[in-house]
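Have a look at the structure below, then the notes.
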Amino acid sequence: MADTTVAKDIEKYVQHKLSEKYHQRFFEKKIEIGKKKSGEPARYKFDAVSENEEIVAGIKSHGGRTATGKFPRAKLGMAYTEIYFLSRTKAKKKLLILTSKEFYDLFVKDSDGKVPEDIEIKYFTLPRELRERWGKSIGAGREEMQQTGRKAGRLSGKAKRKVEEAIEKSK
C-alpha cells in the first residue's frame, strides 16, 4: 500500500517554507468559496492557508508521465480542479504549488493561457529525503495497482468455463 503519510509530510514541509517566506503560519483549512442554495457558506479544504487567510495554496505532488509513459491527463485534471477552487476564494494571493519538476514542466506547458492571471503556479524543490520517500511511496502504489489489476483480470475456474462455453456456443 502507498504510504500516505509522505504526502502529509510534503504538505507540512511546503507549509513551513511558505511560513518562512510570508512570515506567518500556514495550515490545512476549509475556507469559504461561495454560497450554497440554502445561503450557507460552501467551503473547500486547502492544503495551505495563511493565518489571515490572505494567502491560499493547493499542493500537488504528482509525478510526471504515468508508469506506462503516457501523458498524465488525470493528474492534470486534479491540478485544474485545484485551480478552479482557488479561483473561487477571496484570497489576495492564490498559489498552486507543484513538487515534481517533471509535472511542473508538463503542467505549465499544458495550462498556458488556461489559468486565471491571479493564480500563480510555483515549483517547490523537496529535500532529498522527502523526494526519496515519495518515490518509494509512488513505487509501492504502482505495484499495488498492478497487482490489483492482474487479480481483477483473472477469471475464476467457474467463470472461465462459462466464457469458454459461450464461445463454443457462438461458433
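Points to keep in mind about this one:
- Counting only residues that are of a type outside the set (A, V, I, L, M) and part of a strand (DSSP E or B), region 22-39 holds 8 of them.
- Test: residue in region 39-58 that is polar (S, T, N, Q), crowded, with 16+ Cβ neighbours inside 10 Å and within 15 Å of L126 (Cβ to Cβ): no
- Restricting region 82-116 to residues that are closer than 22 Å to K29 by Cα and of a type in the set (S, T, Y), the residue that is surrounded by the most Cβ atoms within 10 Å (Cβ to Cβ): T99
- R131 meets each of the listed conditions (1) part of a strand (DSSP E or B); (2) surrounded by 13 or more Cβ atoms within 10 Å (Cβ to Cβ) apart from (1).
- Pairs, first on the phi > 0 side of the Ramachandran plot in region 111-132, second among the hydrophobic types (A, V, I, L, M, F, W, C), C-beta under 8 Å, six or more apart: none
- Any hit, region 98-116, residues being polar (S, T, N, Q) and at pLDDT below 60: no
- When restricted to residues that are out of contact with any strand residue (DSSP E or B) (no Cβ under 8 Å at 6 or more places or on another chain) and at pLDDT 90 or above, region 30-72 contains 5.
- Subset of region 23-41 [touching an Asp or Glu at 6+ places or on another chain (Cβ under 9 Å) and free of Cβ contacts under 8 Å to residues at least 40 places away in the same chain]: Q24, R25, F26, F27, E28, K29, P41
- Subset of region 36-56 (residues that are of a type in the set (K, R) and within 25 Å of the chain's Cα centre (by Cα)): R43, K45
- Search result, residues across region 1-21 that are of a type in the set (D, E), at pLDDT below 95 and assigned to a helix (DSSP H, G or I): D9, E11
The values are calculated or read from the model by the stated rules, or taken from the named source; none is laboratory data. Predicted model only: the values in this text are computed from it and were never measured. No Cβ is skipped: glycine too gets one built from the backbone with ideal geometry, and neighbour counts run over all protein chains shown.
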